[in-house]
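Remarks on the structure that follows.
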Amino acid sequence: MSDPRYEKLKKCYECVKAKVDFKPDIAVVLGSGLGNFADNVDVTATLPYNEIEGFPVSTVPGHKGQFIFGYLDGVSVVLMQGRVHYYEGYDISDVVLPTRLMGMMGAKALFLTNASGGINPDYHAGAFMMIKDHISSFAPNPLIGPNIEELGTRFPDMSHVYDEDLQDAIRSVAYDYDIELFEGVYAQLTGPSFESPAEIRMLGKLGVDAVGMSTVVEAIAANHMGMKICGISCVANLAAGLSPNPLTHEEVQEAANQAAPKFTILVRESVKKIAGLI
Ligand code: HPA
């Protein structure tokens, strides 16, 4: 009997395969604001998470909860419309199950997006930050437990999690479309409470540019599997203590929705460029 987490993953994979015959090249995790990104895709199939046996189903308002399979300008993609967060109460291996599943489906690259709080004083609400590196130390590591040998090695190297070529592709799209793009370090905290001002000051001293409640554990799991990874964060608000306003989920969603048109261009055009690099 192999690892129960791997058994569960394989079961989900078989379930998806029985319902949808599709091999994606690129997996895209759609964060806040990118809920309508699928409008850019010739949709082949839609699969709600609750139709996949054993799959963790997201409970966050504003997150839909389905896979979309299709073609973005001829590039085969799987989109995650709604992700699973650790703060929802799932085991960390369930939080990264969707990522692993998309890797098993055949996706060679993983494009991560999210909304974050800006810590770097140059950032403003609505800014975009390409993730150059991350700090995972405030979230549980999804590889804890017996190593799943079928997926990857026990001690994966983390020197180049965010692929340099994919970063170049995103940079060139931002340049071509005249979209301001910062580059920085993203840290994942567990949430669901936003950070305190003292925590934000601490993170700033540690070199964190933007903070959120997702993404890093997904990047760790995808890196373990050997996927090429890139990520863009939409800075939805100034982090706690950096603005006089209290933080609300609604404010985050509103800012992410406002940034959506540019965010969509950045991700859509980058996906097309990345297809030629994997
Ligand atoms: N903190 C954590 N997560 C977030 C924030 C924030 O300020 N904004 C959007 N997601």
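The values are calculated or read from the model by the stated rules, or taken from the named source; none is laboratory data. Treat the numbers as computed from the prediction; the structure is a model and nothing was measured. Cβ coordinates were reconstructed from backbone atoms using ideal geometry, including for glycine residues, and neighbour counts include every protein chain displayed. Heads up: the accessible areas ignore ligands, DNA and RNA and are worked out on the full protein's heavy atoms, side chains in. Shrake-Rupley method; radii C 1.70, N 1.55, O 1.52, S 1.80 Å.
VAL267 sits among other residues whose Cβ lies under 13 Å from its own Cβ, and their net charge, with Lys and Arg +1 and Asp and Glu -1, is +1.
By how many degrees, between 0 and 90 and to the nearest 10, does the Cα long axis of helix 164-176 differ from the longest principal axis of the chain? Rounded to the nearest ten degrees, it is 60.
Ranked from largest to smallest solvent-accessible area, with a 1.4 Å probe on the protein heavy atoms, THR264, THR99 come out as THR264, THR99. If you count Lys pairs in the range 4-277 whose Cα atoms are under 16 Å apart, skipping same-chain pairs closer than 8 places in sequence, the total is 12. Under a Gaussian network description of the chain, with springs only between Cα atoms under 10 Å, the residue in VAL267, VAL43, VAL28 that fluctuates furthest is VAL43.
Within the range 150-189, the chymotrypsin sites (Phe, Trp or Tyr not before Pro) that combine a DSSP coil assignment with at most 15 other C-beta atoms in a 10 angstrom radius are TYR177. Adding -39500 (n - 2.57) for every DSSP H run of four residues or longer, then dividing by how many residues the chain holds, sets the calculated 222 nm ellipticity at -10000 deg cm²/dmol. Computed from the C-beta positions of LYS64 and ASP3, the FRET efficiency with R₀ = 30 Å rounds to 0.50.
Residue separation of LEU206 and LYS10 scaled by 0.36 nm, minus their Cα-Cα distance, works out to 66.7 nm of gained length.
Looking at the chain, which longest stretch skips every one of the GluC sites (Glu not before Pro) that is in a DSSP loop with at most 14 other Cβ atoms within 10 Å, leaving the sites themselves out? In the chain, the maximal stretch lacking such sites is 181-278. If both residues of a DSSP beta bridge must be in the chain, then about 40% of such bridges are antiparallel. For ARG154 and ASP176, what is the calculated FRET efficiency with R₀ set at 35 Å and r taken between the beta-carbons, to the nearest 0.05? With R0 = 35 Å, the Cβ-Cβ based efficiency is 0.25. In the chain, the portion of solvent-accessible area held by carbon and sulfur atoms comes to 51 percent [1.4 Å probe, whole percent, DNA, RNA and ligands not counted]. Sparse packing (at most 12 other Cβ atoms within 10 Å of the Cβ) combined with a DSSP loop state is found for none of the chymotrypsin sites (Phe, Trp or Tyr not before Pro) in the range 73-113.
Annotation for the range 226-278 versus the range 156-211: alpha-carbon center distance of 10 Å.
Mean-square fluctuations from a GNM of the chain, with a 10 angstrom spring cutoff on Cα atoms, peak among GLY126, GLY204, GLY82 at GLY204.
Note on surface exposure: MET130, MET213 rank MET213, MET130 by accessible area, highest first, 1.4 Å probe.
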